[in-house]
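Novice: My questions all concern the structure below.
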Amino acid sequence: MKNDRVKKILLAVFFVALLSFPVIRTMWLKRKADKISKEKHSQILKRYGFYLQDVAKKVGINFTHHPPKLDPKVNNIMPIIADMGASVAVGDFNQDGYPDIYLTNSAIGTKNALYENLGNGKFKDIASQLGVAALNNQNGTSMGAVWGDYDNDGYPDLFVYKWGKSMLFHNDKGKGFTNVSKDIPLPKWMNANTAIWFDYNNDGRLDLFVGGYYKSNINLWHLKNTKIMPNSFEYAKNGGRNYLFENMGNGKFKDVTKQVGLMGHRWTLAASAADLNHNGYTDLVLANDYGVDEVFINEKGKYFKNIGPTSRIGFAPKSGMNVTFGDALNQGNLDIYISNISQPGILIQGNNLWVPQLGREQNQLTYHNLAEDLGIELGGWSWGAQFGDFNDDGHLDLYVANGYVSGKKKGGNNSYWYDYSKVAVGNHTIINDAKNWPKMNGKSLSGYERNKIWLNNGSGGFEEVGKAVGGKQVYDSRAVALADLWNTGALDIIVANQNGPVMVYKNTVAPGRHWIGFKLIGTQSNRSAIGAEATLFWNHHIQKQVVTGGNGFCSENQRRLFYGLGKNAKIDSLVINWPSGQYQVIRHPSVDQYHKITEPK
Amino acid sequence: MSENTITKALKRWIPIYTDKRYIAPIFITLILIAAELSYGILEGYPKLAAAIFASMGTELILGKLVTGKWRNLSSAYVSGISIGILIRSPMIWPYALASIITITSKYVLRYKGRHIWNPSNFGVVALLLLASNSVAVLSVQWGNNIWVMAVIWVLGFIIVWRVDRLHISAVYIISFLFFSLIRSWISGNPFLGEVAPITGPMYQLFTFFMITDPKTTVSSKWGQYVVPFAIAAVEMVLRLVFHAVYAPFYALFIVGPIAMVIEITWKDMQQKRAVKTAAT
């Protein structure tokens, strides 16, 4: 009998311990985070090697995004539908060596901005002066932009994609822009949310991919009916059409989408391109909302084959928002980071870091999701994300933008998650019609979320340091771009917020850490060198990077490649794999400076 | 071969013919395999394995320690697999923890010798309440495709009919539909939006496996009609007042043990009265 009582007591103690474990763990983690967030800049610099300060207004960047006001038929869920358009594209439009910033706005009558980097620490909006400001009108409003030198004249041209008629501008040697949209067979209307430049057939000319979100025949300002939403939360195929425009070399473009097998109708939110299977041709990765992501392998510039399901990247359906490449483990690989949705206690899709498997063979490319193992899975309602070495320690860190709709009301019963979760599991006839969705009435849906800054510790783990290093804003962030805005050897961060101000985070790195940067110039390859891969070898480290023409959600980083090196850096070599097929080796380049490297002719 | 011989052979080689305890494990395994192969509902096998092994391991250890016997593991297997499907977390520990809590609750939370909470329900709710930063519950759909849903529902009904639990599931579903109408009327939200949740896999697992669990459902027939109705009613309140996304789990968590305590107490009183009457 006594024995039984002891057993019962021990069992009860064990049970209480089990129930206490998650509570104690949460309290311990919170206490640790709070302690670090109270540290001073000098302590943070010592601990993490960098800190961030928002300097947007101080340097002359005073820009606020305004969302579109769409057809009142969808007033019940307007914030969910008018939820995108804040974008950032970095490009040195006047080739003065200082990165400039193009920002989009999305309400009719609002203006986009081109902030010229004056080189003295200040920026000036010259979009109106150069003719790329007043683009938001009855023909649609801006969702994003990408820079790409399509005519190889040395000056990046500008493509502005819209919900409406997108626009292509030729850069007139940094003095102005000419609207050349008539030279590209853009549809009269499409609801585009992504575009990237890349040379799909290695002819030395940049081609343009544009991805559709809402169906192309839907004008969101003048709806015929309310059946505009996805027909599934997991396998929707009633989204907008995708386009691939081939650059014909005479300033004209040709629609080759069908010919190359890219006629998708998923809800594409992001695209990025790199040669994943090392066959010399640039492949395409698409992040699709309401469905599976896609990996299109480029078969010698003739055709794209989707290997999404077999690669595992496109097997489980989620809410793909972003695609970005980065050698997260310094293995000489391009890992792929795709952001999704996570809301504690309600929906945990988790962001994915797809790392290529060793021993892969061409056309049998498979990936493992290591986001959980590395601690970079739980973002929030995640949008844009970028890899960059923020503290110059030789390991790529990660910035992830979070937050969907911050309504007038914050959380609890004022969260729209409850309503959203009811509709999300319904069958297609329920979901598809916006009128079946409960009214938002000022509620938030994953609103007031903080962005994440994950610091790579170099030994297979990341630590979230946003609260400590700065950049802890709670706007509904969308696009993130990285650039060394002041050429100081530190990657600064620009964040475009939906219905909010743009933030420019100036990065201060601890002294004694080295870096190196490269501006690649193609000769046989496209002049922007988009698609070129550069692998740096130093101090027994290896890191691969790729030049992209748009990367992440509605964003574009500086074209220059930037490597943090850590202390006492001695570089062995940089190996460049040009899109033309040429290899180039640069031996022992000097650290702490940018190098201009031209492709051998 | 005569029909009798075939039945004998089936009984010998297929456990479902001889022991009803194996129906649920087989059915839930089939659902899991079909869902994983077609829709990839699991993100990795280690998490599922953690849930199943933790559940079965805890059952073995606690069963031996507390009762002195090696317990049949079919129930623990169903609990483990349910946790593996229902819980969503980027970490492995919540799967193991939920399974261990699930099984331990059977041995700790007892009233007059019977456990009163549905173990999987207790495990899931405990994690949702205590570790909401780390877990969520299954959110995927069967592709939002009505035909796939229909097949699962038909199969589910056949199984619960086979184990004589069809009426419990049916009362719950009818009650849910009725209360959806009331919720729609009160909140002003579209009726279809209110009905939508029951078409998902989370509700299918809940309707076929949780509220029908023989060990934690009341034994009287009338009770088996009243309890699922009460669960649906409490669920409506939780939805309307607290906007609880996982209202059915919380509703079962509240109603289930109350119903069990009432029935056990009632039976106990009847028994005592009978003994007293017999003595006089």
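Novice: For the range A:550-589, give me the residue count where each residue is free of Cβ contacts under 8 Å to residues at least 24 places away in the same chain and part of a loop (DSSP other than H, G, I, E, B).
Specialist: Residues in the range A:550-589 being free of Cβ contacts under 8 Å to residues at least 24 places away in the same chain and part of a loop (DSSP other than H, G, I, E, B): 1 in total.
Novice: Which count do you get for residues in the range A:548-590 that are aliphatic (A, V, I, L, M) and surrounded by fewer than 16 Cβ atoms within 10 Å (Cβ to Cβ)? Can you show your working first?
Specialist: First, pick out the residues of the range A:548-590 that are aliphatic (A, V, I, L, M): A:561, A:565, A:569, A:571, A:574-576, A:585-586.
Narrowing further to those that are surrounded by fewer than 16 Cβ atoms within 10 Å (Cβ to Cβ): A:585-586.
Residues that pass the stated criteria total 2.
Novice: Residue check, A:Trp417 against (1) within 13 Å of another protein chain (Cβ to nearest Cβ); (2) touching a helix residue (DSSP H, G or I) at 6+ places or on another chain (Cβ under 9 Å), all met but one. Which one?
Specialist: (2)
Novice: While we're looking at this one, here's another question. What number of residues within the range A:277-296 satisfy the criterion of being farther than 14 Å from A:Asn551 by Cβ and not acidic (Asp, Glu)?
Specialist: 11
Novice: Sticking with this one: If I filter the range B:112-125 for residues that are part of a helix (DSSP H, G or I) and among the basic types (Lys, Arg), do I get at least one hit? Break it down into steps so the answer makes sense when it comes.
Specialist: Taking the range B:112-125 and keeping what is part of a helix (DSSP H, G or I), we get B:119-125.
Adding the requirement that they be among the basic types (Lys, Arg) leaves none.
No, that holds for no residue.
Novice: Still on this structure, I have one more. Pick out the one residue from A:Gly332, A:Gly308, A:Gly345 that is more than 14 Å from every other protein chain (Cβ to nearest Cβ), among the small types (Gly, Ala, Ser) and surrounded by fewer than 24 Cβ atoms within 10 Å (Cβ to Cβ). Spell out how you get there, then give the answer.
Specialist: Details: A:Gly308 fails: more than 14 Å from every other protein chain (Cβ to nearest Cβ); A:Gly345 fails: more than 14 Å from every other protein chain (Cβ to nearest Cβ).
When all the criteria are applied, what remains is A:Gly332.
Novice: Here is a further query. Since A:Arg360 meets every condition but one in (1) modelled with pLDDT under 90; (2) assigned to a loop (DSSP other than H, G, I, E, B); (3) within 14 Å of chain B (Cβ to nearest Cβ), which condition does it not meet?
Specialist: (3)
Novice: For the range A:406-429, check the following and say yes or no: at least one residue is surrounded by fewer than 24 Cβ atoms within 10 Å (Cβ to Cβ) and within 21 Å of the chain's Cα centre (by Cα).
Specialist: So far as the range A:406-429 goes, yes, one or more of its residues are surrounded by fewer than 24 Cβ atoms within 10 Å (Cβ to Cβ) and within 21 Å of the chain's Cα centre (by Cα).
Novice: Filter the range A:3-19 for residues that are closer than 17 Å to B:Leu129 by Cα and either within 8 Å of chain B (Cβ to nearest Cβ) or among the aromatic types (Phe, Trp, Tyr) (or both) and give the result.
Specialist: The answer is A:Phe15, A:Leu18, A:Leu19.
Novice: Which one is surrounded by the most Cβ atoms within 10 Å (Cβ to Cβ), of the residues in the range A:125-173 that are β-branched (Val, Ile, Thr) and in contact with an Asp or Glu (Cβ under 7 Å, 6 or more places away or on another chain)?
Specialist: Here the answer is A:Val146.
Novice: Sort out which residues of the range A:149-159 are assigned to a strand (DSSP E or B) and over 20 Å from A:Val256 (Cα atoms), and write them in order of number.
Specialist: A:Asp157, A:Leu158
Novice: Taking into account only those residues within the range A:311-329 that are of a type in the set (S, T, N, Q) and more than 17 Å from A:Ile348 (Cα to Cα), which is surrounded by the fewest Cβ atoms within 10 Å (Cβ to Cβ)? So that I can check it myself, show each step before the final result.
Specialist: Within the range A:311-329, the first condition is being of a type in the set (S, T, N, Q), and the residues that meet it are A:311, A:319, A:322, A:324.
Now restrict to residues that are more than 17 Å from A:Ile348 (Cα to Cα): A:311, A:324.
Values: A:Ser311: 25, A:Thr324: 29.
Within the range A:311-329, the match that is surrounded by the fewest Cβ atoms within 10 Å (Cβ to Cβ) is A:Ser311.
Novice: Which members of the range A:524-547 meet the condition of being outside any strand (DSSP E or B), surrounded by fewer than 20 Cβ atoms within 10 Å (Cβ to Cβ) and at pLDDT 95 or above?
Specialist: Filtering the range A:524-547 down to residues outside any strand (DSSP E or B) leaves A:524-532, A:539-540, A:547.
Next cut, surrounded by fewer than 20 Cβ atoms within 10 Å (Cβ to Cβ) only: A:524, A:539-540.
Of everything in the range A:524-547, just one residue is outside any strand (DSSP E or B), surrounded by fewer than 20 Cβ atoms within 10 Å (Cβ to Cβ) and at pLDDT 95 or above, namely A:Gln524.
Novice: Here's another thing I want to ask about it. Of all the residues that make up the range A:286-321, how many are over 19 Å from A:Asp199 (Cβ atoms) and of a type outside the set (Ser, Thr, Tyr)?
Specialist: Residues of the range A:286-321 over 19 Å from A:Asp199 (Cβ atoms): A:287-294, A:306-321.
Next, from what is left, pick out any that are of a type outside the set (Ser, Thr, Tyr): A:287-289, A:291-294, A:306-309, A:312-318, A:320-321.
Number of matching residues: 20.
Novice: May I pose another question? Confirm whether A:Trp354 is within 14 Å of chain B (Cβ to nearest Cβ), closer than 27 Å to A:Leu52 by Cβ and among the aromatic types (Phe, Trp, Tyr). Steps first, please.
Specialist: Working: within 14 Å of chain B (Cβ to nearest Cβ): yes; closer than 27 Å to A:Leu52 by Cβ: no; among the aromatic types (Phe, Trp, Tyr): yes.
Taking the combined requirement at face value, the residue does not satisfy it.
Novice: Follow-up question, since we're still on this one. Under the condition of being part of a strand (DSSP E or B) and aliphatic (A, V, I, L, M), which residue from the range A:295-346 is farthest from A:Arg559 (Cα to Cα)?
Specialist: My answer is A:Ile341.
Novice: Based on what the data block shows, is A:Phe325 within 19 Å of A:Val546 (Cβ to Cβ) and either touching a residue at least 12 places away in the same chain (Cβ under 8 Å) or charged (D, E, K, R) (or both)?
Specialist: yes
Novice: Turning to a different aspect of this structure: Can you pull out the residues in the range A:273-290 that are closer than 21 Å to A:Tyr214 by Cα and surrounded by fewer than 24 Cβ atoms within 10 Å (Cβ to Cβ)?
Specialist: Answer for the range A:273-290, where residues must be closer than 21 Å to A:Tyr214 by Cα and surrounded by fewer than 24 Cβ atoms within 10 Å (Cβ to Cβ): just A:Asp289.
Novice: Continuing with the same structure: Can you name the residue in the range A:424-438 that is in contact (Cβ under 8 Å) with a residue 12 or more places away in the chain, in contact with a Leu (Cβ under 9 Å, 6 or more places away or on another chain) and over 16 Å from B:Pro201 (Cβ atoms) and, of all such residues, is farthest from the other protein chains (Cβ to nearest Cβ)?
Specialist: Taking the range A:424-438 first, the residues in contact (Cβ under 8 Å) with a residue 12 or more places away in the chain are A:424-425, A:428, A:431-438.
Now drop any that are not in contact with a Leu (Cβ under 9 Å, 6 or more places away or on another chain), which leaves A:424, A:433-434, A:436.
Pick out the ones that are also over 16 Å from B:Pro201 (Cβ atoms) and you get A:433-434, A:436.
Working: A:Asp433: 8, A:Ala434: 10, A:Asn436: 5 Å.
Restricting to residues being in contact (Cβ under 8 Å) with a residue 12 or more places away in the chain, in contact with a Leu (Cβ under 9 Å, 6 or more places away or on another chain) and over 16 Å from B:Pro201 (Cβ atoms), the top hit is A:Ala434.
Novice: Also, quick follow-up: Mind listing whichever residues of the range B:62-116 are more than 11 Å from chain A (Cβ to nearest Cβ), under 23 Å from B:Val227 (Cα atoms) and not aliphatic (A, V, I, L, M)?
Specialist: Correct list: B:Ser75, B:Ser79, B:Ser82, B:Tyr111, B:Lys112, B:Gly113, B:Arg114, B:His115.
Novice: Quickly run through the range B:219-277 and pick out the residues that are hydroxyl-bearing (Ser, Thr, Tyr) and over 18 Å from B:Lys112 (Cα atoms). Quick ask: steps written out before the conclusion?
Specialist: Filtering the range B:219-277 down to residues hydroxyl-bearing (Ser, Thr, Tyr) leaves B:219-220, B:225, B:246, B:250, B:265, B:277.
Across the range B:219-277, the qualifying residues are B:Tyr225, B:Tyr246, B:Tyr250, B:Thr277.
Novice: In the range A:401-424, is there at least one residue being among the β-branched types (Val, Ile, Thr) and not in a strand (DSSP E or B)?
Specialist: yes
Novice: So A:Glu39 clears everything in (1) in contact (Cβ under 8 Å) with a residue 24 or more places away in the chain; (2) within 30 Å of A:Leu269 (Cβ to Cβ) except one condition, right? Which one?
Specialist: Condition (2) is where A:Glu39 drops out.
Novice: Which residue out of A:Gly460, A:Gly442, A:Gly447 is in a loop (DSSP other than H, G, I, E, B), under 30 Å from A:Lys40 (Cβ atoms) and more than 13 Å from chain B (Cβ to nearest Cβ)?
Specialist: Details: A:Gly442 fails: under 30 Å from A:Lys40 (Cβ atoms); A:Gly447 fails: under 30 Å from A:Lys40 (Cβ atoms).
Exactly one of A:Gly460, A:Gly442, A:Gly447 is in a loop (DSSP other than H, G, I, E, B), under 30 Å from A:Lys40 (Cβ atoms) and more than 13 Å from chain B (Cβ to nearest Cβ), namely A:Gly460.
Novice: Out of B:Arg165, B:Arg183, I need the residue that is among the basic types (Lys, Arg) and away from chain A (no Cβ under 14 Å). Which one?
Specialist: The unique qualifying residue is B:Arg165.
Novice: Go through the range A:500-523 and count every residue that is part of a loop (DSSP other than H, G, I, E, B) and in contact with a Ser or Thr (Cβ under 8 Å, 6 or more places away or on another chain).
Specialist: 4
Novice: So, one more: Can you confirm whether the range A:451-473 contains a residue that is surrounded by 21 or more Cβ atoms within 10 Å (Cβ to Cβ) and within 19 Å of A:Ile80 (Cα to Cα)?
Specialist: No, because not a single residue in the range A:451-473 is surrounded by 21 or more Cβ atoms within 10 Å (Cβ to Cβ) and within 19 Å of A:Ile80 (Cα to Cα).
Novice: Let me ask something additional. Within the range A:357-365, is even one residue surrounded by 20 or more Cβ atoms within 10 Å (Cβ to Cβ) and either on the phi > 0 side of the Ramachandran plot or not aliphatic (A, V, I, L, M) (or both)?
Specialist: No, the range A:357-365 has no match at all.
Novice: With the requirement that a residue be in contact with a helix residue (DSSP H, G or I) (Cβ under 7 Å, 6 or more places away or on another chain) and within 14 Å of another protein chain (Cβ to nearest Cβ), what does the range B:214-241 give you?
Specialist: If the condition is that a residue be in contact with a helix residue (DSSP H, G or I) (Cβ under 7 Å, 6 or more places away or on another chain) and within 14 Å of another protein chain (Cβ to nearest Cβ), then B:Glu235, B:Met236, B:Leu238, B:Arg239, B:Leu240 are the ones that fit.
This table checks each residue for (1) touching a His at 6+ places or on another chain (Cβ under 6 Å); (2) surrounded by 24 or more Cβ atoms within 10 Å (Cβ to Cβ); (3) in a loop (DSSP other than H, G, I, E, B).
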{"site": "A:Ser477", "(1), (2), (3)": "no, yes, no"}
{"site": "A:Leu482", "(1), (2), (3)": "no, yes, no"}
{"site": "A:Leu485", "(1), (2), (3)": "no, yes, yes"}
{"site": "A:Gly489", "(1), (2), (3)": "no, no, yes"}
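The values are calculated or read from the model by the stated rules, or taken from the named source; none is laboratory data. All of these numbers come straight from a predicted model, not from anything done at the bench. Counting neighbours? That spans all protein chains shown, and the Cβs are built from the backbone with ideal geometry, glycine included.
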